[in-house]
1. So which of GLU203, GLU238, GLU227 is under 27 Å from the mean Cα position of the chain (by Cα), modelled with pLDDT under 95 and of a type in the set (D, E, K, R)?
2. Determine, yes or no, whether THR103 is free of Cβ contacts under 8 Å to residues at least 40 places away in the same chain, within 23 Å of the chain's Cα centre (by Cα) and either surrounded by 21 or more Cβ atoms within 10 Å (Cβ to Cβ) or not in a helix (DSSP H, G or I) (or both).
3. Mind checking which residues of the range 263-317 are free of Cβ contacts under 8 Å to residues at least 60 places away in the same chain and touching a Leu at 6+ places or on another chain (Cβ under 6 Å)?
4. With the condition kept exactly as written, say whether any residue in the range 319-330 is farther than 19 Å from ASP22 by Cβ and touching a strand residue (DSSP E or B) at 6+ places or on another chain (Cβ under 9 Å).
5. For residues that are more than 26 Å from PRO167 (Cα to Cα) and touching a strand residue (DSSP E or B) at 6+ places or on another chain (Cβ under 8 Å), scanning just the range 234-251, find the one that is surrounded by the fewest Cβ atoms within 10 Å (Cβ to Cβ).
6. Collect the residues in the range 32-50 that are closer than 24 Å to ALA71 by Cβ, in a helix (DSSP H, G or I) and not polar (S, T, N, Q), keeping them in residue-number order.
7. Out of (1) more than 19 Å from VAL296 (Cβ to Cβ); (2) free of Cβ contacts under 8 Å to residues at least 40 places away in the same chain; (3) basic (Lys, Arg), the odd one out for ARG190 is which?
Amino acid sequence: MHRPRSVRVAEVAGKNVLVRVDFNVPLEGERIADDTRIRAALPTIQLLLDRGAGKLRLCSHLGRPKGEDPAFSLKPVEAHLRTLLDDPRIAVLENTRFHSGETKNDSEFARELADGSDLYVNDAFGSVHRAHASTEAVAHLLPAYAGLLLERELEELGTLLEAPARPFVAILGGAKVEDKIGVLESLAERADWVLVGGKMAEEVSPRNKVKLPVDVVAAGAFAADAEATVVPADAVPEGWLGLDIGPETRKVFAARIGEAKTVFWNGPMGVFEWPRFAAGTEAVARAVAEADAHTVVGGGDSVRAVEELGLADRIDWVSTGGGAALELLEGKELPGVVAIPEA
């Protein structure tokens, strides 16, 4: 795995620094609904300030705007950042995706971003799997380094690939099946057990080390108040949907997790947003939190689950990047990482 050089070794005193952060946060109007990603960037920003950096220009995308849409402006994010860390050397640039060259990895837009900066730090793990101007092209124009968050993410997930304490149990769920088949294949080679729930379980064939649900909570309609019943996983009535893992599967999965020394979890076990179909995801979240193991949770819905249940502080590492984590564990190169010279 590519090990990029760290911002810890960068000479930053008196230098202007372009920092790619991940400020792609949920907004409710102009209110930041969850500032986890903003707080995750603070250690790198503070390190640069403490070491005497000149101007810090922070850049990030937010959502998927069609042109310059005020609803996706980073101004509320900048205002919130200043309540956490207010320093006149910091400036937050406007949403990189307001520029069409961002997603095209356009070299001219990358030069605009780099202009006036002496070096570049990428601390946006959640975006390094994308070859965009602010994550890849600009790293070839300035001396480039990995921020503290990116460095830690690569350490944590790299351990899962290279030297996990065993037994190593991986748990995969969620609805985006096409995004996870590759990582399932990779983890099936590396893990001792792969526990599969959610919609993924309907698309995966039984095989060695891959554990599928034995029962599910099924409903005749995709609705929060739909009539539900527990049925064997291989006997879901025609036209019905499996919307959660069943009680027997929860016990089996919890037992496997309880035996583990390393656990990785990405994806809920069902439609956990609806209370009637949340018990499976909650059971897995509690089993992971209680495990005598090194635990890593990634992916927006899994992270949301442990946070809503008040379990996040019992997880060893809560990853900030769902797609990036999956691609790394699948064995793919991450463009924003390989663009940074190795240590």
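1. When all the criteria are applied, what remains is GLU203.
2. It is true that THR103 is free of Cβ contacts under 8 Å to residues at least 40 places away in the same chain, within 23 Å of the chain's Cα centre (by Cα) and either surrounded by 21 or more Cβ atoms within 10 Å (Cβ to Cβ) or not in a helix (DSSP H, G or I) (or both).
3. VAL271, ALA285, ALA289 - these are the residues of the range 263-317 that are free of Cβ contacts under 8 Å to residues at least 60 places away in the same chain and touching a Leu at 6+ places or on another chain (Cβ under 6 Å).
4. no
5. PRO237
6. ARG37, ILE38, ARG39, ALA40, ALA41
7. Going through the list (1) more than 19 Å from VAL296 (Cβ to Cβ); (2) free of Cβ contacts under 8 Å to residues at least 40 places away in the same chain; (3) basic (Lys, Arg), ARG190 breaks only (1).
Here's the yes/no breakdown for (1) free of Cβ contacts under 8 Å to residues at least 12 places away in the same chain; (2) over 16 Å from TRP317 (Cβ atoms); (3) surrounded by fewer than 24 Cβ atoms within 10 Å (Cβ to Cβ):
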| residue | (1), (2), (3) |
| --- | --- |
| ASP115 | yes, yes, yes |
| ASN122 | no, yes, no |
| PHE125 | no, no, no |
| HIS129 | no, yes, yes |
| THR135 | no, yes, no |
| HIS140 | no, yes, yes |
| PRO143 | no, yes, yes |
| GLU151 | no, no, yes |
| LEU154 | no, no, yes |
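The values are calculated or read from the model by the stated rules, or taken from the named source; none is laboratory data. Every value quoted in this text rests on a predicted model; they were computed, and no experiment measured them. In this analysis, Cβ positions are derived from the backbone assuming ideal geometry, glycine residues included, and neighbour counts consider all displayed protein chains.
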